[in-house]
Amino acid sequence: MFADLHLHSFYSDGSESPDSILRRGLQIGLQVVSITDHDTLEGISEAKQSAILLGMHCITGVELTTEFEGYEVHLLGYGIKATEDFERLLNKFQQARRQRIYRMIEKLNRLGIPISCSDVFEIIKGPSPGRPHIAAALVKCGFCTSHEEAFSKYLHTYGPAWVPKPRLRFEEALQWIHLAKGVAVIAHPGLLAKENLIPKLLTFPIDGIECFYSKHNEVQTKRYIELAKERNLLITGGSDCHGKLYGRPTLGEIKLAPIYWKRLFEKIISNGGEIISGKK
Ligand code: AMP
Ligand code: FE
Ligand code: FE
Ligand code: ZN
């Protein structure tokens, strides 16, 4: 029984519905999934319904973009119990994401690319859009030949059409996840701009580290596992697949073994969180 605990659906910047992700997951040997959309829990109820139908396990997940000492740090929250306050927090970030789309379109227009808001918004299916939607629109309208070209020419961080996104302070995001009874996991530590942020981040009460990740090499994976074991933290893993449209990382590129996801399940249950399990 294998798990992929880092997945994006079209409720944020993925290309597929949660149902499609779960069905494909089952076909390739996944029995446990978490949809961890950016700044939204909107896809969770669909994912849970599908899990029940398909006889899979599904846990609530979300990925928050935070800031620590000026650097971007992504935090995963598992087993969250959505309170009104937590939803309000997410809504604020979703609204900022939508406003940012307009500002990035304006920048593209000033660069001489006549893309319109409707070109982009007709691609967006959920409340929490991002740069991949603009990339998809640039390709669809023939202004770029691929997503990679859209990112490398215009949308990359500090690129000519990039607009920064508001970020929660790392400490604050951690508190929000814990207030919502969630389990907080540092996402893809291997993607951090500075390796020496990790020991500093670990001085805060985080619950786990995403050791297994599609872009970690073997040395990194081993190092993060050692760190997690030293500090008695959970070891999690996921592909960060954004759906079929985007190619790699693909669904199930990380297949997390039961010893790891079972510990996460125990922690979620001890926090009073729920795990949806469909019966086979
Ligand atoms: P945003 O949240 O709007 O800043 O966009 C970040 C998202 O864009 C990431 O979660 C990835 O899905 C995607 N992304 C970031 N950089 C690239 C890149 N160079 N090429 C393709 N997709 C990217
Ligand atoms: Fe993304
Ligand atoms: Fe991330
Ligand atoms: Zn992600």
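Here is a check on your reading of the model: is residue 173 closer than 25 Å to residue 35 by Cβ, within 16 Å of ligand 1 (Cβ to nearest atom) and open to solvent by less than 70 Å² (accessible area, probe 1.4 Å)? Let's see the steps before the verdict.
Values: closer than 25 Å to residue 35 by Cβ: yes; within 16 Å of ligand 1 (Cβ to nearest atom): yes; open to solvent by less than 70 Å² (accessible area, probe 1.4 Å): yes.
So residue 173 fits the description; yes.
Name every residue in region 157-175 that is in a loop (DSSP other than H, G, I, E, B), more than 18 Å from the chain's Cα centre (by Cα) and at negative phi, in order of residue number.
If the condition is that a residue be in a loop (DSSP other than H, G, I, E, B), more than 18 Å from the chain's Cα centre (by Cα) and at negative phi, then 159, 160, 161, 162, 163 are the ones that fit.
For region 188-212, give me the residue count where each residue is at pLDDT 95 or above, over 16 Å from residue 222 (Cα atoms) and within 16 Å of ligand 1 (Cβ to nearest atom).
Residues flagged as at pLDDT 95 or above, over 16 Å from residue 222 (Cα atoms) and within 16 Å of ligand 1 (Cβ to nearest atom) within region 188-212 amount to 1.
Could you check residue 4 against (1) closer than 16 Å to residue 274 by Cα; (2) within 15 Å of ligand 4 (Cβ to nearest atom); (3) of a type in the set (Asp, Glu) and say which number it fails?
Every condition holds for residue 4 apart from (1).
Looking at region 207-227, which of its residues are in a loop (DSSP other than H, G, I, E, B), surrounded by 13 or more Cβ atoms within 10 Å (Cβ to Cβ) and free of Cβ contacts under 8 Å to residues at least 60 places away in the same chain?
214, 215, 216
Scanning for something part of a helix (DSSP H, G or I), more than 16 Å from ligand 2 (Cβ to nearest atom) and of a type outside the set (S, T, N, Q), does region 231-248 turn up at least one residue?
Residues of region 231-248 that are part of a helix (DSSP H, G or I), as a first pass: 244-246.
Okay, now just the ones that are also more than 16 Å from ligand 2 (Cβ to nearest atom), so none.
No.
Name the single residue, out of those in region 253-274 being in a loop (DSSP other than H, G, I, E, B) and surrounded by fewer than 22 Cβ atoms within 10 Å (Cβ to Cβ), that is nearest to ligand 2 (Cβ to nearest atom).
Top of the filtered list is 253.
Looking at (1) within 14 Å of ligand 3 (Cβ to nearest atom); (2) in contact (Cβ under 8 Å) with a residue 40 or more places away in the chain, which one does residue 35 not meet, given that it meets all the others?
Only one criterion in (1) within 14 Å of ligand 3 (Cβ to nearest atom); (2) in contact (Cβ under 8 Å) with a residue 40 or more places away in the chain is unmet by residue 35, namely (2).
Can you tell me which residue among 17, 34 is under 24 Å from residue 130 (Cβ atoms) and surrounded by fewer than 24 Cβ atoms within 10 Å (Cβ to Cβ)?
Working: 34 fails: surrounded by fewer than 24 Cβ atoms within 10 Å (Cβ to Cβ).
None of the other options fit; the residue is 17.
If a residue has to be on the phi > 0 side of the Ramachandran plot and either basic (Lys, Arg) or open to solvent by less than 10 Å² (accessible area, probe 1.4 Å) (or both) to count, how many in region 58-109 make the cut?
Here the count works out to 1.
Would it be correct to say that residue 184 is surrounded by 20 or more Cβ atoms within 10 Å (Cβ to Cβ) and near ligand 1 (Cβ under 9 Å from one of its atoms)? Give the derivation first.
Working: surrounded by 20 or more Cβ atoms within 10 Å (Cβ to Cβ): yes; near ligand 1 (Cβ under 9 Å from one of its atoms): no.
It is false that residue 184 is surrounded by 20 or more Cβ atoms within 10 Å (Cβ to Cβ) and near ligand 1 (Cβ under 9 Å from one of its atoms).
The values are calculated or read from the model by the stated rules, or taken from the named source; none is laboratory data. Fair warning: this is a prediction, and the values are worked out from it, not measured in the lab. Every residue, glycine among them, receives a Cβ derived from its backbone with ideal geometry; neighbour counts consider all protein chains shown. The area values use the complete protein model at the heavy-atom level, side chains included, leaving out ligands, DNA and RNA. Shrake-Rupley method; radii C 1.70, N 1.55, O 1.52, S 1.80 Å.
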